[in-house]
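Novice: My questions all concern the structure below.
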Amino acid sequence: MHFSRFPRVYLAHLPTALEPMDQLSRALGGPRIWIKRDDCTGLSTGGNKTRKLEFLMAEAVAQGADLVVTQGATQSNHARQTAAFAARMGIDCHILLEDRTGSKDANYNSNGNVFLDHLHGASVERHPGGSDMDAELEVVAETFRARGRKVYTIPGGGSNPTGALGYANAAMELVQQANTMDLKIDRIVHATGSAGTQAGLIVGLKAINAAIPLLGIGVRAPRPKQEENVYNLALATAEKLGCPGVVGREDVVANTDYVGEGYGIPTPECLQAIEMFARLEGILLDPVYSGKGAAGLIDLIRKGEMSGDENIVFLHTGGAVALFGYTDAFGYGDHADALGCDKPIMQTA
Ligand SMILES: *Cc1c(COP(=O)(O)O)cnc(C)c1O
């Protein structure tokens, strides 16, 4: 894998830190848990889309684009990072947001990522839940082209072979870091959605023969669909990188038991995971992706599925800005807490 063969805008703060979470590990009494801080990639509060956008936005520039158009759910972290990246590069940005949750909460609809989309100067249009968003994206792009704009479209989550290059590269970065720290990684766990992160990682890990199992915790699709999406994108990414054949179907593993009611609807276990990371490690997760990923990690550890002498790396994919779209879900209200009050971590049945 030789990433310099591809156009890239070097904008992310890399390498991201790899740190132990000893208080959380102790609280769970299981393996030693490490965190890879891809929530700190440096652009507009960071997140995993920035690694993908380094390659996608470079391609946009190479094609002479003056406008990027992309799509996502209302609280899309991808849309926000795209808006920021475009601002940084002096390119216009137009965003299609899909109402996947039907929430009427004012914070959900206009705070958090939506607020930042506007702050970065992107224009935003809304679509009802269940729309074929990638088809809508093309329609909107054509409208702009008819007006003379040079449009570059980015699919939801930046998940195509170009975007996934960012995570094939991240796999190399992580293994290199572990090697210099004398850390033997037994497993990597992260939240998987539009599939680019997992597909890129698996290609990278396999291409360097790292022999580290990777587990994606799903946030939307059922397992067969999620694994198929990741596998197909991994094949195309490996092809692009010039290493076809490195990924087998068995390398792609997603656990979709933690989705709950649906995409963007937090489960009690997700909220509890967010509180645990916040109160034990001072780290902010998000209610749509990393909170559900962490809920899966915590549950699997509690069930004894990861043994005490393992080193687990949780890839923090970012998204904490969305917390401000979900404050009501936590039920803290606006009452004053007593001084020194010992706040327990939310209990789930
Ligand atoms: C997009 C996103 C993910 C999922 O990554 P995919 O590449 O879409 O699978 C996970 N966490 C956060 C915070 C995200 O914004």
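Novice: Would you please list the contacts, defined by Cβ atoms under 7 Å and residues six or more apart or on different chains, that run from a residue in the range 166-194 that is more than 17 Å from Lys206 (Cβ to Cβ) and of a type in the set (Val, Ile, Thr) to a residue that is in a helix (DSSP H, G or I) and within 16 Å of the ligand (Cβ to nearest atom)?
Specialist: Val189/Gly293; Val189/Leu297
Novice: What single numbered condition from (1) within 14 Å of the ligand (Cβ to nearest atom); (2) surrounded by fewer than 22 Cβ atoms within 10 Å (Cβ to Cβ) fails to hold for Asn48?
Specialist: Of (1) within 14 Å of the ligand (Cβ to nearest atom); (2) surrounded by fewer than 22 Cβ atoms within 10 Å (Cβ to Cβ), only one is false for Asn48: (2).
Novice: Can I ask one more? Just to be sure I understand, how many residues within the range 142-171 are among the hydroxyl-bearing types (Ser, Thr, Tyr) and more than 12 Å from the ligand (Cβ to nearest atom)?
Specialist: 4
Novice: Can you tell me which residues in the range 78-115 are surrounded by fewer than 17 Cβ atoms within 10 Å (Cβ to Cβ) and farther than 16 Å from Gly129 by Cα?
Specialist: Arg88, Gly90, Ala106, Ser110, Phe115
Novice: Across the range 110-127, what is the number of residues that are part of a strand (DSSP E or B) and touching a Leu at 6+ places or on another chain (Cβ under 8 Å)?
Specialist: Residues flagged as part of a strand (DSSP E or B) and touching a Leu at 6+ places or on another chain (Cβ under 8 Å) within the range 110-127 amount to 4.
Results for (1) among the aliphatic types (A, V, I, L, M); (2) surrounded by 24 or more Cβ atoms within 10 Å (Cβ to Cβ), shown as yes or no for each residue.
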{"residue": "Gly156", "(1), (2)": "no, no"}
{"residue": "Gly163", "(1), (2)": "no, yes"}
{"residue": "Ala178", "(1), (2)": "yes, no"}
{"residue": "Met181", "(1), (2)": "yes, no"}
{"residue": "Thr197", "(1), (2)": "no, yes"}
{"residue": "Ile202", "(1), (2)": "yes, yes"}
{"residue": "Asn209", "(1), (2)": "no, no"}
{"residue": "Val253", "(1), (2)": "yes, no"}
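Novice: Return yes when Pro7 is surrounded by 16 or more Cβ atoms within 10 Å (Cβ to Cβ) and more than 23 Å from the chain's Cα centre (by Cα) and no when it is not.
Specialist: Considered against the rule, which asks whether it is surrounded by 16 or more Cβ atoms within 10 Å (Cβ to Cβ) and more than 23 Å from the chain's Cα centre (by Cα), Pro7 comes out as no.
Novice: Would you be able to tell me the number of residues in the range 51-86 that are farther than 20 Å from Ala141 by Cβ and more than 10 Å from the ligand (Cβ to nearest atom)?
Specialist: 3
Novice: Still on this structure, please answer the following. Just to confirm my filter: which strands (runs of 3 or more DSSP E) fall fully inside the range 8-109 and include at least 3 residues that are of a type in the set (Val, Ile, Thr) and at pLDDT 95 or above? Please lay out each step first, then the result.
Specialist: Working: elements: 18-20, 32-37, 67-73, 92-99.
Where strands (runs of 3 or more DSSP E) fall fully within the range 8-109 and carry at least 3 residues being of a type in the set (Val, Ile, Thr) and at pLDDT 95 or above, they are 67-73.
Novice: Take the residues in the range 234-245 that are under 15 Å from Ala164 (Cα atoms) and more than 15 Å from the ligand (Cβ to nearest atom); name whichever of them is surrounded by the most Cβ atoms within 10 Å (Cβ to Cβ).
Specialist: Ala238
Novice: Is at least one residue of the range 212-233 more than 13 Å from the ligand (Cβ to nearest atom), surrounded by 24 or more Cβ atoms within 10 Å (Cβ to Cβ) and touching a residue at least 60 places away in the same chain (Cβ under 8 Å)?
Specialist: No: the range 212-233 contains no residue that is more than 13 Å from the ligand (Cβ to nearest atom), surrounded by 24 or more Cβ atoms within 10 Å (Cβ to Cβ) and touching a residue at least 60 places away in the same chain (Cβ under 8 Å).
The values are calculated or read from the model by the stated rules, or taken from the named source; none is laboratory data. Predicted model, so just to flag it, every value in this text is computed and none were measured. So basically every Cβ, Gly included, is an ideal-geometry build from the backbone, and we count neighbours across all protein chains shown.
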